[in-house]
Amino acid sequence: MKPLQISADTAVKLAAKLNVPLEQLMHMPQHILLQKIAELAKEEAASPSSTDPDHSS
């Protein structure tokens, strides 16, 4: 299985958000990664945080 085709910056941010080591993230099957990202998005949508610096309005 080849590593995911994502940028280094994206990989670091995803690893931090998902609380997994970077190496594990890069070798994670794509369908599992997409499932984890969907779960993370669902959790964030359920509890929006107004102190999130990435989502300034």
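List, please: which pairs have Cβ atoms under 6 Å, are six or more places apart or on different chains, and start with a residue in segment 36-52 that is under 26 Å from Met26 (Cβ atoms) and open to solvent by less than 80 Å² (accessible area, probe 1.4 Å) and end with one that is hydrophobic (A, V, I, L, M, F, W, C) and modelled with pLDDT of 90 or more?
Partner pairs satisfying both residue conditions: Lys36/Leu18.
So, in segment 6-22, exactly how many residues are in a loop (DSSP other than H, G, I, E, B) and exposed (fewer than 13 other Cβ atoms within 10 Å of the Cβ)?
3
Looking at Pro48, Pro29, can you tell me which residue is modelled with pLDDT under 85 and not hydroxyl-bearing (Ser, Thr, Tyr)?
It is Pro48.
The values are calculated or read from the model by the stated rules, or taken from the named source; none is laboratory data. Source: prediction; values computed, not measured. In this analysis, Cβ positions are derived from the backbone assuming ideal geometry, glycine residues included, and neighbour counts consider all displayed protein chains. These area figures cover heavy atoms from the full protein model, side chains too; ligands, DNA and RNA do not enter into them. Shrake-Rupley method; radii C 1.70, N 1.55, O 1.52, S 1.80 Å.
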